[in-house]
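Notes follow once the structure below has been shown.
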Amino acid sequence: MVTRERVGAGSLSPSPIGEIRHLHTLGPTGTNLEAAAHEWFRRQGREGPGRVTLHATLEYAMETVPRDGEHALVACAVYPELHTLVFGNLQVCRMVDSFVWPTHEMVLAVAPGAHAEPRTVATHPAPAGLISPASRRQLVTSNAQAAIDCADGKTEGCVTTVVAARAHGLRVLRSFGEVPMVYTVHHLREAAS
């Protein structure tokens, strides 16, 4: 059975999902998007190493990912400026799939010896609302980067995933639990001339 997608005014074309061999998403390792990319391949029955590439930002990924039809970008519905990525790249980027899957457990983490509520907290813009108004936010490019910055002493705390907190030896101060999330898959192909 061939999956079809609507293109233009009611016309149908074959879905490019079967062409996708490489997924590109937000890094460094430990992000919810990295886990979602591997989950998408699992759901497609195409598990295996080497298919997920991590980038500093989704914007950078959009600029650098090959447009040969074998590559796609994985984003999430709450990613800041997702609308700009989609509408600013309509000639080369088409959303072809989406799915709901929970994030890793989201946490407020601190260095092992810290005992007070952190005054500075590294966070990606998406979960910044989880930070107490008493703390100063320091925006970073991903939840995993927030954990790295906290572990490096750039901030006293971070909003991150429990996976990233553990990987960097941080202590969980508060858990916000898993968050049901919509992930989107955007196929990249050079515009037809």
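Observations, loosely collected:
- Legend: residues Arg21, Arg171, sorted from most to least accessible area (1.4 Å probe; ligands, DNA and RNA excluded), read Arg21, Arg171.
- Cysteine residues of the chain whose C-beta has no other cysteine C-beta under 4.7 angstrom: Cys76, Cys93.
- Cα shape, the stretch 107-193, gyration tensor, a/c 1.5 rule: prolate
- Computed from the C-beta positions of Gln44 and Arg67 and an R0 of 22 Å, the FRET efficiency is 0.60 to the nearest 0.05.
- In the chain, helical runs assigned H by DSSP with n ≥ 4 each contribute -39500 (n - 2.57); averaged across all residues and rounded to the nearest 500, the mean residue ellipticity at 222 nm is -5500 deg cm²/dmol.
- Heavy atoms of Leu173 accessible to a 1.4 Å probe, total area in Å² rounded to 10: 50 Å²
- Net lengthening on full extension, Ala128/Ser175 (0.36 nm per residue, minus Cα-Cα): 15.5 nm
- Estimated inter-spin distance, Ala191 and Leu139, nm [label 7 Å along Cα→Cβ]: 2.8 nm
- Shown here: Rg and Dmax of the Cα atoms in Å, derived from the displayed model; of the candidates (1) 18.1, 61; (2) 27.7, 91; (3) 28.9, 105, it corresponds to (1).
- Solvent exposure of the stretch 54-193 amounts to 48 Å² per residue of accessible area, where only protein heavy atoms count and the probe is 1.4 Å.
- Counted charge near Pro66, where neighbours are those whose Cβ lies closer than 10 Å (Asp, Glu -1; Lys, Arg +1): -1
- The chain, accessible surface, carbon-and-sulfur percent (1.4 angstrom probe): 55 percent
The values are calculated or read from the model by the stated rules, or taken from the named source; none is laboratory data. On a predicted model such as this, the values are computed, not experimentally measured, just so you know. Every residue, glycine among them, receives a Cβ derived from its backbone with ideal geometry; neighbour counts consider all protein chains shown. In case anyone asks, the SASA skips ligands and DNA or RNA and just uses the protein heavy atoms, side chains included. Shrake-Rupley method; radii C 1.70, N 1.55, O 1.52, S 1.80 Å.
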